[in-house]
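The values are calculated or read from the model by the stated rules, or taken from the named source; none is laboratory data. What you see is a predicted model; the values in this text were computed from it and never measured. As a convention, Cβ positions derive from the backbone with ideal geometry for all residues, glycine included, and neighbour counts pool all protein chains shown. Heavy atoms of the whole protein, side chains included, go into the accessibility calculation; ligands, DNA and RNA do not. Shrake-Rupley method; radii C 1.70, N 1.55, O 1.52, S 1.80 Å.
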Number of protein chains: 2
Amino acid sequence: MIIDIHGHYTTEPPALQQFRDKQLAGLADAARRPASTELGISDETLVKSVETQLRLQKERGGDLTVFSPRASGMAHHVGSEAVSLEWTRICNDLIHRICRLLPDNFVGVGQLPQFPGVAPKNSIPELERMVKELGFVGVNLNPDPSGGYWTDPPLTDRWWYPLYEKLCELEVPAMIHVSSSCNPNFHATGAHYINADTTAFMQLIQGNLFRDFPALKFVIPHGGGAVPFHWGRYRGLAQEMKRPLLGEHLLKNVFFDTCVYHLPGIELMTKVIPVDNILFASEMVGAVKGIDPETGHYYDDTKRYIDQVKTLTDEQRRMIFEGNARRAYPRLDRILRTRKERR
Amino acid sequence: MIIDIHGHYTTEPPALQQFRDKQLAGLADAARRPASTELGISDETLVKSVETQLRLQKERGGDLTVFSPRASGMAHHVGSEAVSLEWTRICNDLIHRICRLLPDNFVGVGQLPQFPGVAPKNSIPELERMVKELGFVGVNLNPDPSGGYWTDPPLTDRWWYPLYEKLCELEVPAMIHVSSSCNPNFHATGAHYINADTTAFMQLIQGNLFRDFPALKFVIPHGGGAVPFHWGRYRGLAQEMKRPLLGEHLLKNVFFDTCVYHLPGIELMTKVIPVDNILFASEMVGAVKGIDPETGHYYDDTKRYIDQVKTLTDEQRRMIFEGNARRAYPRLDRILRTRKERR
């Protein structure tokens, strides 16, 4: 089975963006506020909106996508905490409907109603709702709700602890994923995303978070940002800070996904990161949509790269494509086992 | 000849830090201000302070280090523009003295008296001084003088243009190098440095800076941050933005150094980045000082990695170790040619 743990709903029907525009217009002029949170999107429209994902999933040999709202759409820095919550619930509900309509293809992951300067514990009710009521198996956690100014505390700060307690209790991993950047220095997918991945990993080296939360699981997307390329730097920095070896210090709790869009990157990753910590992902349809003229294939068809890595055994590939995801997302594993038993 | 283009003076005599403490104390209490900018550091003390660098340079087979003030010491976000200028001149002067005392081992690169929110053109007088009077061959340009809050405009903004004009006129390349981070989210060498490298490269993809400055040369340190690992992403993003191929768009003007502290990273880099754009560097003695237990060698002994890359020819290695540096730093080339003629 091929599980892609990183897909965003980037092909939303126009009605969703129309609602968002009205919602944000309402900040300036209350008269523009949307009258209802009912978007009037039919099931048919929803299914149609993910046709591309379904086609590419099939063409590329995938089975199941762990699916969450558009990452750049979360835009936690916009509006107010109440706006963030209203928007978050709507986005999560759409994911839920798609997963209910196409349960063989999609399993849900949610966004949190974060807002800069607001305690993460305020996100707990929506976290509980998405897991208990919507059946989601994970959550996207934004380490920088300010959108590129990094004004909230690091992930190792006690500021985040109540949320981590709930994540452990619910047995859901958090993908550490920023949203759009309102800082003109940072292109979203070309700088802010990758920087956030690198930043999060370094925060984890500095801290000792998993001593306090041995059951907490983080997924660092986009191949872990710069981390595998600078694996020697990170091993060396940890050593200078008298931290345990990274395998002991972090790798029982941290996973990296394979959203790295060329073969040499994936080769490097599988060389330095233990196979047990690598989760198959493509972020399709997402950050990079084109066809690589050097290969004639889509940049984000990452399965091809993994298939081509000569040093991986079949068993290792199976771990990357399925086994590790079932360990990282225990609720996903339970869903898949229940389905199998029923069939 | 082996030229290491990235060395910082990280072993300064205590008198320098004592001056800095007094200088910063003077911000709070004018009575604490240092009475003089004369540090009273003898030539003997200076030579002694770089003994480690000289020993390691020799042991590792290096010949010449392009040497600049400690990057984290620049701390452009601290104090005021006047404090930054005073501090910058002192730091550059020390580098100048070392290069004069040990001309076979060190060639100078300077820091700029940047300050957040202050126009980069204010740095021009010190830039001219360091090149014309101190004989420096390059400069470190901080893309985020705020120290981790990224409040100044991107490198492609006209804000920076007067400085770029002067760089072109003087024929000196700029290494894009941040300083310490005052943002608790960013560890300096583990996140802020690497993020800045990645950010700068993406800004260059978005913009069209080298159309306006065809002679401008940037060195992106630390292997280019996350860029080589995500080379497919960057090629794909440029393609989506209808930019020319990266070779055409950026690689006539942008170089990457080899401060990547493990063999797989260097292997990846030499696989995806054209050899002409790679400059040998170690940042010795710098960010990562320890010995890698996996190899028994220093993490930052990067020459070993380059020597081990099987796919490089001798001629390509010569380009990385010397030829490219002489192209990127024309004033360095001139110094070396003059010396050779004299001998």
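Points to keep in mind about this one:
- Rounded to the nearest 500, the helix-only mean residue ellipticity at 222 nm of chain B stands at -11500 deg cm²/dmol, with each DSSP H run of n ≥ 4 adding -39,500 (n - 2.57).
- Largest-first principal axis extents, alpha carbons of chain A, Å: 59, 44, 44
- Amide H contacts under 5 Å for B:H6, placed H, 5+ residues apart: B:V66, B:S282, B:E283
- The simple Förster model, with R0 at 22 Å and r as the Cβ-Cβ distance, assigns B:R304 and B:M1 a FRET efficiency of 0.80.
- Normalised per residue, the accessible area of the protein assembly as shown is 37 Å², obtained with a 1.4 Å probe and no contribution from ligands, DNA or RNA.
- Nitroxide proxy distance, nm - points 7 Å out along Cα→Cβ at B:Q17 and A:R97: 6.2 nm
- In the stretch A:213-260, the residues whose accessible area drops by at least 40 square angstrom when the other protein chains are added to the isolated chain are A:F229, A:H230, A:G232, A:R233, A:R235, A:L237, A:Q239, A:E240; the probe is 1.4 Å and only protein heavy atoms count.
- Amide H contacts under 5 Å for B:G79, placed H, 5+ residues apart: none
- Computing FRET efficiency as 1/(1 + (r/R0)^6) for B:E133 and B:A30, where r is the C-beta to C-beta distance and R0 is 22 Å, gives about 0.15.
- Cross-link partners for A:K310 among the lysines, with Cα-Cα distance under 30 Å and sequence neighbours closer than 8 places in the same chain left out: A:K58, A:K217, A:K252, A:K271, A:K289, B:K271, B:K303, B:K310.
- Among A:A325, A:A226, A:A15, the residue with the largest mean-square fluctuation in a Gaussian network model of chain A, with springs joining Cα atoms closer than 10 Å, is A:A15.
- Using a 1.4 angstrom probe on protein heavy atoms only, the contact between A and B buries about 4700 square angstrom of accessible area, both sides summed.
- Distant-in-sequence amide contacts of A:A215, defined by a placed amide H-H separation under 5 Å and a gap of 5 or more residues or a different chain, comprise nothing.
- Bridging of A:K242 to aspartates and glutamates at a Cα separation below 17 Å is possible for B:D292, B:E294, once same-chain residues fewer than 8 apart are set aside.
- In order through the stretch B:193-206: 3J(HN,Hα) via Karplus (6.51 cos²θ - 1.76 cosθ + 1.60), integer Hz, x for Gly, Pro: 4, 5, 4, 5, 4, 4, 4, 4, 4, 5, 4, 5, 4, 5
- Share of carbon and sulfur in the accessible heavy-atom surface of chain A [1.4 Å probe, %]: 51 percent
- Rounded, prolate or oblate (a/c below 1.5 giving rounded, otherwise prolate when a/b exceeds b/c) for the stretch B:222-343 by Cα gyration tensor: oblate
- Scattering profile of the protein assembly as shown at q = 0.05, 0.06, 0.10 Å⁻¹ [log10 I(q)/I(0), Debye over alpha-carbon scatterers]: -0.24, -0.35, -0.94
- Label point distance in nm, A:A119-B:E294, each placed 7 Å from Cα along Cα→Cβ: 4.2 nm
- Residues of the stretch B:297-327 buried by at least 40 Å² on assembly (accessible area, 1.4 Å probe, chain alone as reference): B:Y299
- Using the Karplus relation 6.51 cos²θ - 1.76 cosθ + 1.60 with θ = phi - 60°, the per-residue 3J(HN,Hα) values for the stretch B:59-69 come to 4, 8, x, x, 10, 9, 10, 7, 10, 9, x Hz, with x marking Gly and Pro.
- Residue by residue, the stretch B:177-192 carries 3J(HN,Hα) couplings of 9, 6, 10, 5, 10, 9, 9, x, 6, 10, 5, 4, 7, x, 9, 4 Hz when phi is fed to the Karplus relation 6.51 cos²θ - 1.76 cosθ + 1.60 (θ = phi - 60°); x denotes Gly or Pro.
- Peptide A:152-159 shows a mean partner chain C-beta count of 2 within 10 Å per residue C-beta.
- Using C-alpha pairs below 8 Å separated by at least 6 residues, the relative contact order for chain A is 17 percent.
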